Structures are given as C-alpha cells and as structure tokens.
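This report concerns only the one structure given below.
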Amino acid sequence: MKLNAEEQAMLAGELGPVRQAAIAHQIQVGEFFGAADMVPVSQSHIMADTESLGEAGVEWLESLTKNGGKERVVRIPTITDPRGTDFNKAKQLGQTDQMISLERRAIAAFVKMGVSMTDTCINYQTIMAPGFGEHVAFGDTGVVIYSNSICGARSNFEGGPSALAAGQTGRTPRYGFHLDQHRQPGRRFRINWRPQTLNEWGALGGFIGKHSGNYWEVPVLEGVEGNPGSDSLKHFGAAMASFGSTALFHMVGITPEAIRAQDLNMAHLPVRTIERAEVMALQGSYRVTDEVDVVVFSAPQLSLLEIRDLAALCEDRKFKIPLLAVTSPQVKPDADRMGYTETIESAGGTVFAGMCFYQSYAREIAEANGWKRLATNSAKMVNILGGYGYTPMLASMEECVAAAETGRLA
Amino acid sequence: MTGKIFTARHAMGQQVEAECLSANDGFSARYDLNRLEGRFSRPAHKLFGQSYHGKILVLDTAKGGVASAWMLYEMKSRNLYPAAIVFNTVNPILAQGAAHAGITMLAGFDVNITEAIASGSRLRIDPAHKTVQVLD
C-alpha cells in the first residue's frame, strides 16, 4: 500500500506503539483486499460488547491503555455501539457479577482512549448522521448499511479492532465501499406491493439479503412508491445486512445514489420480482409455535417514535410474560420525560437503554430466565437468535404486544 | 482430488495443515457457533453439531454481523478455534478478525471451493503462495 509521510511515521512507531499497531493491522487488512492507499475518515463507531470480546478482548483493550495518555487517545470522534448490559437492570436480566465487571473494565479502557460511550446502534438517528460522500469507519452492520445507503456515506463493515484502529489513526484502508466501482448494483429486485409494518420491511430486507449472495453484491430495489421513512428503512437495512452481509443497497427514487434509475448501471441486470407471499413465507418459516416466553423489541434500538408507538399499544394492558424494549441512552430520557416509559412499564414491560438484546449474553440470560420462545418485530433478531438456542418468531409490534398479554401469538 | 492445488486471490496468515470441514453455507461466529463448546450451533447450518476446533473451515461466504472480528481472537485465547478459514468470498469482518487473531485465511477462487474440496479432506494452506492443496 502507498503510505504518506504521516502514515509511514505511524508505522515506524514515531507516534507511539498504539498507533503503530493500529496502522499495521490496517495495512494487513488493506493488503488482503488490495487497497491502494488509506482514506481519511471523519468518525469511527466501535462495536464491542463483552460477550464478543470475552476476557481476552478486554485484556487486549486494557493493554492499549498502558501506553502514555496522549499516545493512546483517538484522533477522530469515536463512538460506541450498544453495551452488553443496562447497568440499572442487569439483575433483572439475570446477568452475573462477572459479566458486569467485564463490561465496566471494557468501558474504563475505552474512556481512557478518549472514546465517547454513546452505546447506540442508531447513531444516524440520534448522534450525527454522516453526509453524502463522507468517508467513515463504522461498525454494526445496521449502522453501515443505513449510512451507506440512506445517507450516501462511505464505509465498509469495520469490526471492533479495525474501528478502534481507525479512531487511532484517523483513516482506513481504501477498498470496498470507499470506491465508486463497488457501489454499483449487482442484483436487481422489484416489488409491486408495499410492506405495511416494520417487521414486513425487515422481512423484505432479509429476503433481499438472503438472495443477494455476499458482501460485494449490491442490491437495487425498484417499485417502492414514496419514502418509507427512517424506521422502516432502518429495519429493512438491518435485516438485509444480517441475512446477507450486505453493506449497501439502492432504492430507486429514494436513496441518494439512485434518485434517477439512469444514475445506476443496472440495465443489464435480470429483474427478480419479489412477491409478498414469498416475504411472508420467510416470516412464517420462523413461526413454529404459538407459545411465547418473552417479547423483545430491539435490534436495532428503538427510535423515540417506535417507543411512542409501543407505549400507545401498551395502554390499559397487563402483561403475562416479560416484554423488553431496548433503546439508546439518547432516546431513553425523552421516553421518560414524555411518559412513554411509564406507560410501557405500568403494563408490565421494561425499557432498557444502552444495550442490545442479542449483544447482552443472550444465551446466558435465556438460561437464567427460562426464555426460549421469543416474539419480536425485528427480522434481524430472528436471524441471529437461533444460534443462541432461542426459537425466535417474527410478528408485528401489535401482535407482539398482544402476545405479551396472553402468552400466545395469535 | 488428492494433490490438487487451488489458488486464491486473497490470503493472510501462516502455513497450516489440517483436516477440513467443507459446506456450501455461510459463516458468522455469532450466528452459527456455540463458542463455549466449539461447535456449530445454528440448527439450519449445514455443519450443525460439528466441532470446528483445529479444523480448516471451507465455506461459501462470510455472513452476518461485526462481532466475529472480536470473537476469533476470543476463541483463540481459549484454544478452541478453527485452524484456518477458506471462503469463496469473504467480507471485511472476517478478514479483520483473522488479522486481529492471527488466524490463516484464504478467499476468492475460480471454482466453487466448497464443491471442489470434500469435507474430511486433509489440506495444506500456504498463504505466501495463496494456495490450498488437498493432501488426502
């Protein structure tokens, strides 16, 4: 890779061992993908829950903090994905002291490196959405696909070590979705119907992700009339990224690189028309029972408007089984102030902040609470939780709230 | 197929020789594995129930979220990890994770590598030459 003078100085250790290791890691990844050089990035976003990190990962973070204060501090705004707990409600989840201790150690290490603990996977709704053409280094697949597709920003999936490296060097290898040639569509889909609910948008995104092949195949969707709105696009993209490892999609007439169909090189691509029944079949494939142990709204964290909608559905209800709603630390105070939290919790639900359900020791909290059959309106989550031993089922927010009251999905 | 050599477009890590698990399926450390037990745990995965420790995984593509970038390092710290991973196509997460953990990885072939290599074959991976050789 071609390195400029500053990058060569970093690699030589002239800016300290932390930046030296960071850029060495980036060069290894960049050379693997054939990157010609580095590209400056304006923000970094780190996914680093401790179920993923484990003791070894936390020790690695702590080892970085043993370097001098100035040398270890990130050079660009660097923020975090959800943590593995809500410290105020960890006992309710059945998390152990060891889990909480590991979380606290990871947070302490990040803070020493100057990382801003935003603890959110909806930073594009709550912190600062990137601008069109802005190069960033974002972790969390849902964050990346939204930023690339809806905002027109430029990011690859940056795993935790690489996102932290980008924070420490202020750059990332220039490959993949930083380059124009990788942003053209490779798969073409069309719908002649419109999803009505967040779970339907998620199921459609999941279907497209599943049929898109791999990370490098950019799907384009035609036939969407009118902008679906941020929350629908959030669920659509997050599920697509989860089912397909997809980091960028185009939606003709909606997303900024596809405002006009002629802006995309797609005329040669065969069109795959997606019928509503196919998407509903994907959703239905998870529906193996009517019995439900727990209802969860998470993945991505709920926006204020989703919390508002959920609160409206919870009015005058009494839940028979746990209902967990997970939002960001930025949204939670507003939800409290506007009375949404009280409405949800009066019905027997719980509003969590700063975590995400599947990143919070999902297997262990299932065993601690006797949870197996889980209802959610998140297509992303049903794709993930099977591996953690759950039987996840996808339904609308309304159906999930009703299930919390009866213990059954209608 | 013994002796056959396949060349990849992307490679990193050290030379490795081990038995493989091959399947035309994706891979995510979070979605597909019980990392505490060292086996594939997603019921729908074609390698469901099988132990991956010490094996070369030959799979179609990297799937899912960013957690795998941390998880490979964590798996290696407990000495319960695949010897190497070979993909038809890889995403940045698995490549970043392999770089962080020091796990050998190859990706990008002119054939469908999951069809070309039978599960149970013994393989030698040489990242310096970007090759995977079927030994027996």
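The values are calculated or read from the model by the stated rules, or taken from the named source; none is laboratory data. What you see is a predicted model; the values in this text were computed from it and never measured. Because the Cβ atoms are built from the backbone with ideal geometry, glycine has one as well, and the counts that use them run over all protein chains shown. Only protein heavy atoms, including side chains, enter the accessible area calculation; ligands, DNA and RNA are left aside. Shrake-Rupley method; radii C 1.70, N 1.55, O 1.52, S 1.80 Å.
With the cut-off at 1.5 for a/c, could you classify the stretch B:5-134 from its C-alpha gyration tensor as rounded, prolate or oblate?
Note, shape of the stretch B:5-134 comes out rounded.
Using only the Cα atoms of the stretch B:61-108, what are the Rg and Dmax in Å?
For the stretch B:61-108, the Cα radius of gyration and maximum Cα-Cα distance read 9.8, 29 Å.
Based on the alpha carbons, how large is the Rg to Rh ratio for the stretch A:212-276 when Rh follows Kirkwood?
0.93
Counting Lys and Arg as +1 and Asp and Glu as -1, each charge on the Cβ, what is the dipole of chain A about the Cα centre in debye, to the nearest 20?
Dipole size: approximately 400 debye.
Give the long-range amide H neighbours of A:His250: residues separated by 5 or more places, or on another chain, with amide H under 5 Å away, using H modelled in the peptide plane at 1.01 Å from N.
A:Val220, A:Leu221
Averaged over B:25-36, how many beta carbons belonging to a partner chain fall within 10 Å of each residue's beta carbon?
Rounded to a whole number, the mean comes out at 4.
For A:Thr118, enumerate residues with amide H under 5 Å from its amide H, sequence gap 5+ or separate chain, H modeled in the peptide plane.
A:Thr80
Would you be so kind as to identify which of B:Leu57, A:Val18, A:Phe177 lies farthest towards the positive end of the dipole of the protein assembly as shown, taking Lys and Arg as +1 and Asp and Glu as -1 on Cβ and the Cα centre as origin?
With unit charges placed on the Cβ atoms, the residue in question is B:Leu57.
What angle, in degrees between 0 and 90 and rounded to the nearest 10, separates the Cα long axis of helix B:92-101 from the longest principal axis of the Cα atoms of chain B?
That helix lies at roughly 90 degrees to the long axis.
What are the ³J(HN,Hα) couplings of the stretch B:40-47, residue after residue, when phi is run through the Karplus curve with 6.51, -1.76, 1.60 and θ = phi - 60°? Round to Hz, x for glycine and proline.
Working through the residues one at a time gives 6, 10, 7, x, 7, 6, 5, 9 Hz.
Excluding ligands and nucleic acids, what accessible area in Å² is computed for B:Lys55 using a 1.4 Å probe, to the nearest 10?
Using a 1.4 Å probe on the heavy atoms, I get roughly 50 Å².
Return the distance in nm (one decimal) between the two label points of a simple spin-label model at A:Thr197 and A:Glu31, each offset 7 Å from Cα along Cα→Cβ.
About 5.2 nm separates the two model spin labels.
For chain A, which DSSP H helices look membrane-span-like by this rule: Cα extent along the axis of 27 Å or more and mean Kyte-Doolittle of at least -0.5?
Span-like helices in chain A: none at all.
How far apart, in nm, are the 7 Å Cα→Cβ label points at A:His268 and A:Gln8?
Using points 7 Å along Cα→Cβ, the separation is 4.0 nm.
Straight-line reach from B:Lys76: which lysines fall under 21 Å, measuring Cα to Cα and dropping same-chain residues less than 8 apart?
B:Lys55, B:Lys63
Cβ neighbours within 10 Å, averaged per peptide: list A:86-99, A:19-32, A:230-243 in order, most packed at the top.
The peptides rank, most packed first, as A:230-243, A:19-32, A:86-99.
Just need the Rg to Rh number for the stretch A:1-90, please, alpha carbons only, Kirkwood Rh.
Over the Cα atoms of the stretch A:1-90, Rg/Rh equals 1.02.
Rg and Dmax in Å for chain A, alpha carbons only: what are they?
Reported Rg and Dmax, both Å: 21.2, 65.
For the stretch A:176-216, divide the Cα radius of gyration by the Kirkwood radius and give the resulting Rg/Rh value with two decimals.
When Rh is taken as the Kirkwood radius, the ratio is 1.06.
What Rg and what Dmax come out for the stretch A:288-410 when only alpha-carbon atoms are used, in angstroms?
When restricted to the Cα atoms of the stretch A:288-410, Rg and Dmax are 13.1, 39 Å.
To the nearest 10 degrees, how steep is helix B:68-77 against the longest Cα principal axis of chain B, on a 0 to 90 scale?
90
Just to be sure I understand: with springs between alpha-carbon atoms less than 10 Å apart, which residue in B:Val111, B:Val58, B:Val66 has the highest mean-square fluctuation in the Gaussian network model of chain B?
Of B:Val111, B:Val58, B:Val66, the Gaussian network model singles out B:Val111 as fluctuating most.
Just from its helices, what would the mean residue ellipticity at 222 nm be for chain B, if runs of 4 or more DSSP H residues each count -39500 (n - 2.57) and the sum is divided by every residue, rounded to the nearest 500 deg cm²/dmol?
-5000 deg cm²/dmol
Helix-only mean residue ellipticity at 222 nm, chain A, DSSP H runs n ≥ 4 weighted -39,500 (n - 2.57), per residue, nearest 500. What is it?
My calculation for chain A gives -12000 deg cm²/dmol from helical runs alone.
On average, how many beta carbons from a partner chain sit within 10 Å of the beta carbon of a residue in B:55-65?
Average neighbour count from other chains, rounded to a whole number: 5.
Just tell me how shielded B:85-91 is by partners: mean number of partner chain Cβ atoms within 10 Å of each residue's Cβ, no decimals.
Other-chain Cβ atoms within 10 Å of each residue's Cβ, averaged: 4.
With springs connecting C-alpha atoms under 10 Å apart, model chain A as a Gaussian network and identify which of A:Ile145, A:Ile259, A:Ile208 has the largest mean-square fluctuation.
In this elastic network of chain A, the residue with the biggest mean-square fluctuation among A:Ile145, A:Ile259, A:Ile208 is A:Ile259.
Which whole-Hz ³J(HN,Hα) couplings does the stretch A:182-189 yield from phi under the Karplus relation 6.51 cos²θ - 1.76 cosθ + 1.60, θ = phi - 60°, glycine and proline marked x?
3J(HN,Hα) across the stretch A:182-189, in whole Hz: 8, 9, 7, x, x, 9, 10, 10.
With the contact rule set at Cα under 8 Å and sequence spacing of 6 or more, what percent relative contact order holds for the stretch A:287-406?
The normalised contact order for the stretch A:287-406 reaches 35 percent.
Report the residue, chosen from A:Asn156, A:Asn214, A:Asn377, that carries the largest GNM mean-square fluctuation when chain A is represented by alpha-carbon nodes joined by springs under 10 Å.
Top of the fluctuation ranking is A:Asn214.
Would you please classify the overall shape of the stretch A:247-343 from the alpha carbon gyration tensor, given that a ≥ b ≥ c denote the square roots of the eigenvalues, rounded means a/c under 1.5, and beyond that prolate means a/b larger than b/c while oblate covers the rest?
Oblate is the answer for the stretch A:247-343, as a/c is 1.5 or above yet b/c matches or exceeds a/b.
Kindly write out, for the stretch B:113-123 in residue order, the coupling ³J(HN,Hα) from the Karplus curve 6.51 cos²θ - 1.76 cosθ + 1.60 (θ = phi - 60°), rounded to whole Hz, with x marking Gly and Pro.
Whole-Hz 3J(HN,Hα) from phi for the stretch B:113-123: 5, 6, 8, 6, 10, 7, 4, x, 5, 9, 10.
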